[in-house]
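What follows is one structure encoded as structure tokens, with my remarks underneath.
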Amino acid sequence: MESNNITHCTSLDEVRLNIDKIDKALVKLIADRSRYVDQAAQFKKTTNDVIAGDRVSLVINKVKSLAEQHSLDPSIVEKVYRTMIRVFTEEELAKQNRLYSDMKKSYY
């Protein structure tokens, strides 16, 4: 399936303008995703809950399939998502560690 909303550009500046619009939308979507990741973190009690290898596999398989539906090389999407998930996981683990440290300090 090809995307029907891609403009045929007549200059490099026009291409870059369209890429800039997409980047703006992507950053907003990543920010939205981050807020849901923050909500999910509230339900996770252990490091294994945060790492969630089975969930990562499900997400990767899902987005690779979506990539194919849009005639995009699935390996590109996989690399982008693995990087994004790794960064979000690192953030969750750091927050969890800080919370544990703060709780530990309050008890001792």
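The values are calculated or read from the model by the stated rules, or taken from the named source; none is laboratory data. Just so it is clear, the model here is predicted, and its values are computed rather than measured. Here the Cβ is made from the backbone with ideal geometry for all residues, glycine too, and neighbour counts use every protein chain on show. Ligands, DNA and RNA are stripped out before the accessible areas are found, and what is left, the full protein with its side chains, is counted by its heavy atoms. Shrake-Rupley method; radii C 1.70, N 1.55, O 1.52, S 1.80 Å.
Tabulated data for the structure shown
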{"item": "Residue match in the stretch 52-66 (condition: under 16 Å from Glu92 (Cβ atoms), hydroxyl-bearing (Ser, Thr, Tyr) and either assigned to a helix (DSSP H, G or I) or free of Cβ contacts under 8 Å to residues at least 24 places away in the same chain (or both))", "result": "no"}
{"item": "Of all residues making up the stretch 63-77, the number that are small (Gly, Ala, Ser) and surrounded by 11 or more Cβ atoms within 10 Å (Cβ to Cβ)", "result": "2"}
{"item": "Pairs with Cβ under 8 Å, 6+ apart, first in the stretch 21-43 and assigned to a helix (DSSP H, G or I), second charged (D, E, K, R)", "result": "Val37/Glu91; Val37/Glu92; Ala41/Glu92; Ala41/Lys95"}
{"item": "Members of the stretch 46-57 that are exposed (fewer than 11 other Cβ atoms within 10 Å of the Cβ) and closer than 22 Å to Glu78 by Cβ", "result": "Gly53, Asp54, Ser57"}
{"item": "Yes/no for Arg98 being in a helix (DSSP H, G or I), surrounded by 10 or more Cβ atoms within 10 Å (Cβ to Cβ), modelled with pLDDT under 95 and over 17 Å from the mean Cα position of the chain (by Cα)", "result": "yes"}
{"item": "Test result for Glu92, in contact (Cβ under 8 Å) with a residue 24 or more places away in the chain and either open to solvent by less than 90 Å² (accessible area, probe 1.4 Å) or closer than 17 Å to Tyr36 by Cα (or both)", "result": "yes"}
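Per-residue answers, yes or no, for (1) farther than 21 Å from Arg98 by Cβ; (2) of a type in the set (Lys, Arg); (3) open to solvent by 100 Å² or more (accessible area, probe 1.4 Å); (4) in contact with a helix residue (DSSP H, G or I) (Cβ under 8 Å, 6 or more places away or on another chain):
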{"residue": "Asn5", "(1), (2), (3), (4)": "yes, no, yes, no"}
{"residue": "Ile19", "(1), (2), (3), (4)": "yes, no, no, no"}
{"residue": "Lys28", "(1), (2), (3), (4)": "yes, yes, yes, no"}
{"residue": "Lys44", "(1), (2), (3), (4)": "no, yes, no, yes"}
